[in-house]
Amino acid sequence: MALLRLLVFCALAACCVARSPPQTPLASFPLPRSCNDTEVRAVAGFALQSLNQDRKDGYKLSLSRVHDVWEHFQEDMGSVFYLTLDVLETDCHVLSKKAQKDCNPRVLHESVYGQCKALFHINKPRRVLYLLAYNCTLRPVSQRKIHFMCPDCPGPVDLSDPRVLEAATESLAKFNSESPSKQYSLVKVTRATSQWVAGPFYFVDYLIKESSCTKSQASCSLQSSDSAPVGLCHGSLIQGPLEKSVSVTCEFFEPQAQVPGGENPAVTQESKKQPSADDDEAPQKNKAPVSSPSVTAPKGSVQHLPDLDAEKPEASKGKSPGEAAEEKSPEDAFPVQLDLTTDPQGEKLDVSFLYLGPEEKKLVVLPFPGKESRSTECPGPAGETNPLVLPP
Ligand SMILES: *[C@@H]1O[C@H](CO)[C@@H](O)[C@H](O)[C@H]1NC(C)=O
Ligand SMILES: *[C@@H]1O[C@H](CO)[C@@H](O)[C@H](O)[C@H]1NC(C)=O
């Protein structure tokens with residue numbers, strides 16, 4: 001009984017301590033937050049936008065839901081959010097200037113989905129929003145399940161398939177032949193799908209750069225090898241029974257002087273460096289502060305793994321897709337590691353460069369919190385997203 005009284009007293013004391021002073025949470029460790037919270041969703045939107053802007057390669061990601069979220073409030077430094085986000089690849093290349101809201105997730109049978117972990121620093125009074133680090137793992141949607149629903153849908157093909165290069169080369173040749181003067185060369189193929197319709201159909205996406213040759217030069221071998229990609233082309237090569245047909249459209253990342261045969265160049269004047277305010281996933285956009293950090297080395301990476309069903313060992317090949325999917329634990333299905341420290345006490349990270357004042361500013365970062373005691377409101381609602389492209 002005495003023990004019980006003591007416990008009650010302690011609980012009351014803890015409660016009183018926690019209540020005073022008001023507005024100053026004492027937590028010096030991350031606390032779980034609801035994944036369906038408006039502010040959390042806004043933070044997730046900003047984090048994903050910064051993540052997309054940090055990348056040099058691949059396609060922009062969009063948010064399908066917040067999977068897990070912890071907030072570490074640190075007195076006058078604001079907060080560090082530990083975010084686990086379920087994401088979908090969109091049809092916009094990361095180098096494209098299109099606004100996030102104009103980037104659509106791919107059609108279901110061509111979906112690429114996965115999970116990102118991100119550490120995001122937010123200090124509203126000081127108008128700081130800053131992505132500290134991220135890592136993501138993506139996989140294509142299970143072709144076995146897609147094939148079951150849509151046997152004739154186009155499926156991904158290996159980028160090393162010679163037909164893929166042929167489709168890229170032939171469609172780029174068509175683009176160049178329609179170009180009045182400027183010529184372009186292939187940087188690399190970024191995506192390819194194929195389909196069989198009375199013959200092979202190949203669809204490819206590839207990056208192009210400006211070639212040092214112009215059309216009037218009969219031949220030229222001198223090429224500046226370090227020039228950056230200037231656009232993304234979508235080409236197709238259709239091998240019919242009698243003839244083949246080639247199509248091409250290109251989107252330029254910056255306005256071009258003369259754009260032949262392609263779509264209009266993207267002319268959005270958005271800043272590349274800062275989260276801009278036109279993000280659908282960030283409902284609090286008008287109130288949001290904006291930071292202007294110096295640009296440094298990439299803060300993370302996106303790894304691509306094969307289709308979950310394609311990776312199965314031979315022994316489980318005979319099982320139904322449902323059974324097969326359940327064999328992998330969620331952590332194995334989309335392994336994402338993001339630890340700026342392994343010290344359970346945390347480490348101090350110097351973020352003075354984000355603050356213009358002379359004083360030193362440090363944030364405490366901890367090992368990424370586990371899922372043991374996450375909020376019951378996690379994962380959050382996934383909107384329209386098909387369950388086939390949601391990580392477990
Ligand atoms: C991000 O993932 C890679 C492996 O894909 C790992 O080597 C790296 O340490 C991770 N970054 C952090 C900050 O944990
Ligand atoms: C999320 O929040 C909205 C309102 O804020 C509520 O209507 C909805 O039911 C919630 N969804 C879940 C899955 O909790």
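What follows is calculated from the coordinates using simple rules that are stated; it is not laboratory data. What you see is a predicted model; the values in this text were computed from it and never measured. Cβ coordinates were reconstructed from backbone atoms using ideal geometry, including for glycine residues, and neighbour counts include every protein chain displayed.
Only counting other Cβ atoms within 10 Å, I'd like Trp196, Trp70 sorted with the fewest neighbours first.
Going from least to most buried by this count: Trp196, Trp70.
Please give the peptides 198-211, 83-96 ranked by average Cβ packing (other Cβ atoms within 10 Å per residue), highest first, as a rough proxy for protection.
Per-residue Cβ counts within 10 Å, averaged per peptide and sorted highest first, yield 83-96, 198-211.
Taking the Cβ of each residue in Ile146, Ile238 as the centre, tally the other Cβ atoms inside 10 Å and list the residues starting with the fewest.
In order of increasing Cβ crowding within 10 Å: Ile238, Ile146.
Size of the dipole of region 14-171 about the Cα centre, Lys and Arg at +1 and Asp and Glu at -1 on the beta carbon, nothing else charged, in debye to 20?
That gives a dipole near 460 debye.
How far, in nm, would the chain grow between Ser160 and Lys215 when pulled straight, counting 0.36 nm per residue and subtracting the alpha carbon separation?
16.9 nm
Could you pull out every residue, at least 5 positions away or on a different chain, whose amide H is within less than 5 Å of the one on Gly58? Hs are placed 1.01 Å off N in the peptide plane, and Pro or chain starts have none.
Here the answer is Val94, since their amide H atoms fall under 5 Å of that of Gly58.
Within 10 Å of each residue's Cβ, count the other Cβ atoms and sort Thr249, Thr376, Thr137 from fewest upward.
Thr376, Thr249, Thr137
Which is farthest toward the positive dipole end of region 80-147 among Val128, Ser142, Asn104, measuring Cα position about the Cα centre, with Cβ charges +1 (Lys, Arg) and -1 (Asp, Glu)?
Val128
Going by average Cβ density within 10 Å per residue, which order do the peptides 161-170, 354-363 take, highest to lowest?
Output ranking for 161-170, 354-363: 161-170, 354-363.
Which FRET efficiency, nearest 0.05, do Asp102 and Glu75 yield, Cβ-Cβ r, R0 56 Å?
Using R0 = 56 Å, I get an efficiency of 0.90.
So for each of 114-123, 342-351 I average, over its residues, the number of other beta carbons within 10 Å; can you give me the resulting order with the highest mean first?
114-123, 342-351
Are any of the pairs Lys101/Lys361; Lys56/Lys348; Lys56/Lys209; Lys174/Lys209; Lys60/Lys348; Lys117/Lys209 more than 24 Å apart by Cα-Cα distance, and if so, which?
The pairs that break the limit, which is 24 Å between Cα atoms, are Lys101/Lys361; Lys56/Lys348; Lys60/Lys348; Lys117/Lys209.
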